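A.B. asks: Below: one structure in structure tokens.
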Amino acid sequence: MRIIRFYITFSIVGLSLFFIVISIIKGHETFATMNLDDEEKIHIYLVGDSTVSTYKKSLSPRMGWGQVLDEMFNEKVMIHNEAVSKRSSKSFYNEGRLTKIVSHIQQGDYLFIQFGHNDEKVNDPNRYTEPFTTYKKYLKKYIIAARSKGAFPVLITPVERREFSTNGHIVHTHGDYPKAMKQLAKEENVPLIDLTSKSNRLFSKLGANKTKELFLWLPPNKNPHFPEGKKDNTHLQERGAYIVASLVIDGIKELNLPIKEHIVN
């Protein structure tokens with residue numbers, strides 16, 4: 001019996017190690033099973049663009065807010081950041097990325113949906129969507145997909161860009177996309193985190209200079225990954241990623257979503 005028990009234990013440990021190795025090889029891939037207890041956790045899947053996605057260390061300090069969200073929950077919650085740079089609600093869907101998520105998402109899980117930045121690319125037919133028609137049409141596909149598996153969709157309006165007028169006032173850069181998403185949230189009875197408004201208020205309060213500390217504004221010869229410096233008003237750096245993620249956490253609390261019980265920060 002002792003030999004049999006040893007063989008079973010060795011097999012389970014070996015299987016776990018196998019999946020860990022596979023996960024390491026895949027890098028950003030989050031679907032590999034790394035822990036036999038994962039099924040007991042609440043899984044949050046993030047879909048979106050470069051403002052949400054995870055970046056390699058070679059691009060540090062560039063970070064998406066989804067990259068740090070896991071640090072704001074206890075061990076009962078697992079974050080799967082499936083957001084991909086340069087994607088819109090349309091291109092993400094048409095590439096089959098949602099289908100891949102649907103094959104893994106389960107009852108009681110969450111699908112957080114933030115698109116808008118690249119839906120605005122009017123000259124790119126592969127990404128462009130019109131706010132009140134095709135944008136809503138594609139967002140609805142994510143809602144339907146999540147609900148088909150018993151998961152909870154949560155809509156998130158796009159984080160604001162860093163753009164200020166000559167008189168120092170922040171400029172709204174997302175047009176009708178936040179409004180269209182809010183409209184869809186009411187029509188489909190889906191909880192919504194208005195990250196556009198939250199980030200807009202915060203950036204307005206901080207002002208043009210202080211917001212440079214949140215976005216990828218880097219002086220030349222100060223960062224080995226960006227030796228020529230950077231002036232990026234769309235993408236976040238580490239501090240900005242944490243602050244924007246905290247705005248998402250505030251939204252979860254305001255919506256009184258059940259996962260708020262597992263928030264630690």
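The values are calculated or read from the model by the stated rules, or taken from the named source; none is laboratory data. Predicted, not measured: the structure shown is a model, and the values here were computed from it. Backbone-built Cβ (ideal geometry, glycine too); neighbour counts: all protein chains shown. When the accessible area is computed, the model is the full protein with side chains, heavy atoms only, and any ligands, DNA or RNA have been set aside. Shrake-Rupley method; radii C 1.70, N 1.55, O 1.52, S 1.80 Å.
A.B. asks: How do the pairs read when you match residues in segment 113-136 that are open to solvent by 70 Å² or more (accessible area, probe 1.4 Å) with residues anywhere that are of a type in the set (Lys, Arg) and modelled with pLDDT of 95 or more, using Cβ under 7 Å and keeping only pairs 6 or more apart or on different chains?
C.D. replies: Lys121/Arg127; Tyr128/Lys121
A.B. asks: Can I ask one more? Surrounded by 13 or more Cβ atoms within 10 Å (Cβ to Cβ), within 15 Å of Thr51 (Cβ to Cβ) and not hydroxyl-bearing (Ser, Thr, Tyr): does that describe Pro158?
C.D. replies: Here the answer is yes, as Pro158 does meet what is asked.
A.B. asks: Would you mind telling me which numbered condition in (1) open to solvent by less than 70 Å² (accessible area, probe 1.4 Å); (2) touching a residue at least 12 places away in the same chain (Cβ under 8 Å); (3) farther than 17 Å from Thr51 by Cβ; (4) of a type in the set (Gly, Ala, Ser) Ser148 fails?
C.D. replies: (1) is the only condition that Ser148 fails.
A.B. asks: Condition first: touching a Leu at 6+ places or on another chain (Cβ under 8 Å), at pLDDT 95 or above and either surrounded by 21 or more Cβ atoms within 10 Å (Cβ to Cβ) or assigned to a loop (DSSP other than H, G, I, E, B) (or both). Now tell me which residues in segment 200-216 satisfy that.
C.D. replies: Phe203, Leu214, Phe215
A.B. asks: Given Asn233, Asn221, which one is on the phi > 0 side of the Ramachandran plot, open to solvent by 40 Å² or more (accessible area, probe 1.4 Å) and either of a type in the set (S, T, N, Q) or part of a helix (DSSP H, G or I) (or both)?
C.D. replies: Only one candidate qualifies: Asn221.
A.B. asks: Does Arg97 satisfy the condition of being open to solvent by 20 Å² or more (accessible area, probe 1.4 Å) and modelled with pLDDT of 95 or more?
C.D. replies: Yes: the conditions hold for Arg97.
A.B. asks: Another question, if that's okay. Restrict the check to segment 190-199 and report whether at least one residue is closer than 18 Å to Asp119 by Cα, open to solvent by less than 70 Å² (accessible area, probe 1.4 Å), assigned to a loop (DSSP other than H, G, I, E, B) and charged (D, E, K, R).
C.D. replies: Taking every residue of segment 190-199 in turn, at least one turns out to be closer than 18 Å to Asp119 by Cα, open to solvent by less than 70 Å² (accessible area, probe 1.4 Å), assigned to a loop (DSSP other than H, G, I, E, B) and charged (D, E, K, R).
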